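Let me begin by presenting the structure, written as structure tokens, before commenting on it.
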Amino acid sequence: MAINLTKGQRIDLGLKKVRIVLGWKPNIGTGFDFDLDASAFMLGSDGQIPAERFFVFYNNQRSVDDSVESSGDDLTGDDGESLTVDLEKVDPRIEEIIFTVTIHEADTRRQNFGQVHNSFISLYNVEDPNREVEVARYDLDEDFSIETAVEFGRLYRRNGSWRFEAMGRGVHGGLQELVNRYARLFA
């Protein structure tokens with residue numbers, strides 16, 4: 001049975017391979033379809049990506065070290081977008097991986113996370129490909145009425161092992177704001 005996490009809660013993983021699923025349900029009747037996108041920022045000790053290919057998103061679906069792979073774009077969010085992480089392959093320079101969801105063309109479409117409900121991040125153990133098991137889940141219940149991006153959760157190294165933290169931190173400025181924050185050298 002999965003652990004239901006609260007904002008800020010952290011758990012030890014003790015796993016080698018995980019799948020992160022991010023899901024949501026946009027409200028109907030906002031005038032435009034929603035296109036939400038999951039991304040992963042793989043950060044070094046300075047809080048920055050060490051090279052462009054450590055940013056996994058719809059235009060770069062696999063990290064340079066082959067440790068993080070995206071399932072690709074899902075326009076509905078019904079099945080969620082997912083990222084598979086092989087923790088044994090993560091480059092030693094990487095200290096944390098932040099999982100985000102952004103609204104594509106949010107300003108043009110006048111959309112924000114206040115118009116999205118049932119948002120969640122789930123963590124699955126995928127070490128046995130025949131038996132995927134949900135380990136933890138965090139349901140975001142905040143009202144992000146102006147935010148166009150949300151940092152859902154993160155994996156981070158602590159004393160040689162990997163941990164997971166439920167974040168739920170909203171950001172105004174969408175994907176560009178996150179790129180400015182975590183990829184200053186490449187923005």
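Quick notes
- Proximal lysines relative to K17, as straight alpha-carbon distance under 16 Å, when same-chain residues fewer than 8 apart are discounted: K89
- E96, E151, ranked by accessible area, largest first (probe 1.4 Å): E96, E151
- Bins of 10 Å from zero: percent of alpha-carbon pairs in the chain: 10, 40, 38, 12, 1
- Here the 3J(HN,Hα) profile of the stretch 5-22, calculated from phi with Karplus coefficients 6.51, -1.76 and 1.60 at θ = phi - 60°, is 8, 10, 3, x, 5, 10, 9, 6, 8, x, 10, 9, 9, 9, 10, 9, 10, 10 Hz, Gly and Pro shown as x.
- Partner aspartates and glutamates whose Cα lies under 19 Å from the Cα of K7, excluding those fewer than 8 positions away in the same chain, are identified as E96, E134, D139, D141, E142, D143, E147, E151, E165.
- The stretch 100-122 versus the stretch 1-25: alpha-carbon centroid distance in Å: 20
- The chain, accessible surface, carbon-and-sulfur percent (1.4 angstrom probe): 43
- With θ taken as phi - 60° and the Karplus curve 6.51 cos²θ - 1.76 cosθ + 1.60 applied, the whole-hertz 3J(HN,Hα) list for the stretch 86-95 is 9, 5, 6, 8, 4, 3, x, 6, 7, 9 Hz, x standing for glycine and proline.
The values are calculated or read from the model by the stated rules, or taken from the named source; none is laboratory data. Quick caveat, the model's predicted, so the values are computed rather than measured. Keep in mind that these areas ignore ligands, DNA and RNA; they rest on the heavy atoms of the full protein, side chains included. Shrake-Rupley method; radii C 1.70, N 1.55, O 1.52, S 1.80 Å.
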